[in-house]
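Since the structure comes first, as structure tokens, the remarks are kept for the end.
The values are calculated or read from the model by the stated rules, or taken from the named source; none is laboratory data. All values reported here derive from a predicted model rather than from experimental measurement. Please note: Cβ atoms are built from the backbone with ideal geometry, for glycine as well, and neighbour counts cover all protein chains shown. Remember, those area values only see protein heavy atoms, side chains included, never the ligands or the DNA or RNA. Shrake-Rupley method; radii C 1.70, N 1.55, O 1.52, S 1.80 Å.
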Amino acid sequence: MTVIIYLLPVALFLGLLGLGAFLWCLKDHQYDDLKGAAYRAVMDQDAAED
Amino acid sequence: MNRIAKSATDSLGAETALNMGCCPPGQPGAGYGHLPSAPLAVPNADPSAYVRRKSDGAFELFLIVENITCPACVPDIEKALGRIPGVDQARVNLTLGRLHVTWRDPALQAGQISATLSAHGYRAIAYNAAMLDRLEDDRDRRLLRALAVAGFASANIMLLSVSIWSGNVTDMGTATRDFFHWVSALIALPTIAYAGQPFFASAWSALRAGRVNMDVPISLGVLLATLASVMESVRSGVHAYFDAAVMLLFFLLIGRYLEQNMRGRTRSVAANLLALKAVAATVIEPSGQRRSYPADQLKPGMTVFVAPGDRIPADGIVIRGRSDVDASLVTGESLPVVAGVNSQVYAGTLPLTGTLDITVTSADQDTLLGQIVELMTAAASAKSGHALLADRAARYYAPTVHVLAAATFLGWLLLGSGGWHPALMCAVAVLIITCPCALGLAIPAVQTVATGALLRWGVLLKSGDGLERLAGADTVVFDKTGTLTLGRPELIAGTGYTHDNLTLAARLAQSTRHPLATALTRALPALPHAVPVHEAAGLGVSAVIDGQLVKLGSRFWCDVPEDGPPENGASELWLKKQGSAPVRFSFRDMPRSDAAEVIAALKSLGLRIEILSGDRASAVRPLARALSVDAVTAEARPDTKLTRLQALSQQGRKVLMVGDGLNDAPALAAAYVSMSPSSAADISQTAADIVFRGENLWPVVQSIRIGRASKRRMIENLALAIIYNIIAVPLAMAGWVTPLIAALAMSGSSVIVVLNALRLGWRT
């Protein structure tokens, strides 16, 4: 069972990575306009030409 | 039928339904009930007064774009603005309906931005970003961060706890269990210190003020559970409650977040409405130069220029120009009045046909508008506080929980044999089991689902408790003009005119914004060619067609002799072709197409109906008869409306007021609960608890139904939470609750409550 000594920190680190990514998105204002962002993904082609 | 599929199509259908109210290039009939539908361009006030300089030298401007609800508007606006030379960035926030533009070139005038938006058919109003509370945004984000941390921690601790629980029934060694407990503590302690803050802060401030709120038992439960678990880990005990403490925070944060999110949506609607009041005015300086100026900083004696289609920013006297002025939002009268030199005009009214130069006599607070707002604020603050269901529940809940926990502790200490340790563990179990997990989710979950359901009907809930009060309403009071009726005249078909005459009249009518003329053009399916006309404000228009003079306008304008007042309060327009007899067109303010149906539906829901109008009795009575409403008050001034509502509430009636005019605003604020159509005056929308879109009244019925259903759901949820407690608390007091049972009970009750709330969405 000694393997959990390594596995637990690894698992927690991976989890923290995900949490960190979420908090970064939040800080980056990616959650300010959920509705708009959903549609931007499909409509940006035209904007890129400008 | 598959429920999920059904709800998916429902929401799709709703999206398209909502989108109909929107959408660009100024399609006629897009939303604004009171504005004669403008051909393509809509006038926008000059926003330069609201341009701000950022610290890095760039300029920025925040705008609220009124008619942007569908995604297609986003690239349309952003590309159009991006084409203006100098603009660095234009970014639309679709969720909030706001636009942020930045640029560095000082030569770029803010007027260009609003002009571009005008040309694309968007109504945009600049606002002061400092006015909209940024602190609140910050709090939203902090809550979401706490939620993320609690979610991460509770998932990880739960994994460890599952191992411990299965270890307890198999052969896990004490060392391994202790190790798992300590890892749990390592995750739980920082999480509780961070994610528990919203609850601790609120509990602390309540305690300092000598009160007890819902957060006190929550904080106490979480802290005691953590403390006891740390002690258990130290003495290598079997039971630790780290998972329960963190999961509790996680569930409660979800409830908090739902609530905050809904309030945030409400707040942004309210803030948008408030900002709309502060439109810019165009001031003519003594030197003759025109300058954009915030309307709330106008002083008496200044001269303002108002173009047709712009609201008059302050009360004043006309010194130049002549125009028909639409005062419907102020007086409830559906027909415009003529304003010429020396006429008094009021803030909030709308010139239709000509430009006006006005000397301001009173501005901001002193205007008629300001006085109505004051009356409204007074009425709103006098309204008796409505105790929310959740607050009423909390008042009994917190003391009960504390007494039970204390009794458990003392009982075990005095009667048990194990000393203080099992006593403390049992008390902690009681606190955890009773922690209002389900209670914390019971009401926000219902509110969130109901808000979504209402949104599908185009109904915006502005105040969080509007739903609960809506359910309690037993009387509905309607305003007439603009609420029961469309607030705009419609041509009465087939009364003494031929199709050729109508086509001819429409050719002239196209060039003017007068509501009767607009009604005339609306009556034709396809518009004939327009002709250049000469317009005499307050009288009519004339044009020369095939060498013949044709006039369209008032009786006087067309030289028709007076023959008594028109029947039934109808208004009229005359067409006079040189050398032939004059032709009459009659108009009436038509009731909304589903008005009768709505009144009948409301009656069948057991509500009493009343009409309270500022219009003439001769116009109100026939409508009331047609809709079979008995209780009618006509010619009511804003303060009469207010008195009537107060009288009703003194009789113990809970009134839902539905109105749109400025004259309704005090009554809307005083009513138990109030609704406004989105075509209403800004002030009325601010005063109302609920705003609904579209041409129909049916959302009123639907809102009451959803309100009642959600109230039922809330009570059911509270009952479920209480039943759960009645079962779980004795078990906890008896000391039979282990961390495993606590975790199951807690998540089980929360899931049941949320599912029950979701049923609301499936039904409606």
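Just checking, does region B:99-113 include any residue being closer than 29 Å to B:MET262 by Cα and either aliphatic (A, V, I, L, M) or modelled with pLDDT under 80 (or both)? Taking every residue of region B:99-113 in turn, at least one turns out to be closer than 29 Å to B:MET262 by Cα and either aliphatic (A, V, I, L, M) or modelled with pLDDT under 80 (or both). Within this structure, B:LEU731 passes the test of being part of a helix (DSSP H, G or I) and modelled with pLDDT of 85 or more. Scanning region B:565-583 for residues that are at pLDDT below 75 and either open to solvent by 40 Å² or more (accessible area, probe 1.4 Å) or in contact with a His (Cβ under 8 Å, 6 or more places away or on another chain) (or both) returns B:PRO565, B:PRO566, B:GLU567, B:ASN568. Hey, does region B:294-313 have a residue that's assigned to a helix (DSSP H, G or I), surrounded by fewer than 20 Cβ atoms within 10 Å (Cβ to Cβ) and modelled with pLDDT under 85? Looking through region B:294-313, at least one residue is assigned to a helix (DSSP H, G or I), surrounded by fewer than 20 Cβ atoms within 10 Å (Cβ to Cβ) and modelled with pLDDT under 85. In summary, B:THR448 fulfils each of the numbered conditions (1) open to solvent by 10 Å² or more (accessible area, probe 1.4 Å); (2) part of a strand (DSSP E or B) with the single exception of condition (2). Only a single criterion out of (1) surrounded by fewer than 17 Cβ atoms within 10 Å (Cβ to Cβ); (2) in contact with a helix residue (DSSP H, G or I) (Cβ under 9 Å, 6 or more places away or on another chain) is not satisfied by B:SER154, namely (1). Quick check on B:LEU508: is it closer than 25 Å to B:SER593 by Cβ, at pLDDT 80 or above and assigned to a helix (DSSP H, G or I)? Judged against the criteria, B:LEU508 is not a match. Inspection of region B:233-245 finds a residue satisfying the criterion of being at pLDDT 90 or above, over 15 Å from B:ALA743 (Cα atoms), more than 14 Å from chain A (Cβ to nearest Cβ) and crowded, with 16+ Cβ neighbours inside 10 Å. Any residue at all in region B:267-284 that is at pLDDT below 85, touching an Asp or Glu at 6+ places or on another chain (Cβ under 7 Å) and small (Gly, Ala, Ser)? Yes: one or more hits. Considering region B:197-232, and only residues there that are of a type in the set (S, T, N, Q) and over 19 Å from B:GLY735 (Cα atoms), the residue that is modelled with the highest pLDDT turns out to be B:GLN197. Report, by residue number, each residue of region B:493-519 that is under 30 Å from B:VAL629 (Cβ atoms) and crowded, with 16+ Cβ neighbours inside 10 Å. Those that are under 30 Å from B:VAL629 (Cβ atoms) and crowded, with 16+ Cβ neighbours inside 10 Å: B:PRO515, B:LEU516, B:THR518, B:ALA519.
Exactly one residue out of B:ALA423, B:ALA427, B:ALA406, B:ALA387 is at pLDDT 85 or above, surrounded by fewer than 17 Cβ atoms within 10 Å (Cβ to Cβ), among the hydrophobic types (A, V, I, L, M, F, W, C) and under 30 Å from B:ILE726 (Cα atoms), and it is B:ALA406.
The conditions of being at pLDDT 80 or above, at the interface with another protein chain (Cβ under 10 Å from one of its Cβ atoms) and under 24 Å from B:TYR257 (Cβ atoms) are not met by A:GLY36. Looking across B:GLY614, B:GLY553, B:GLY547, one residue alone is over 24 Å from B:GLN702 (Cα atoms) and in contact with a Phe, Trp or Tyr (Cβ under 8 Å, 6 or more places away or on another chain). It is B:GLY553.
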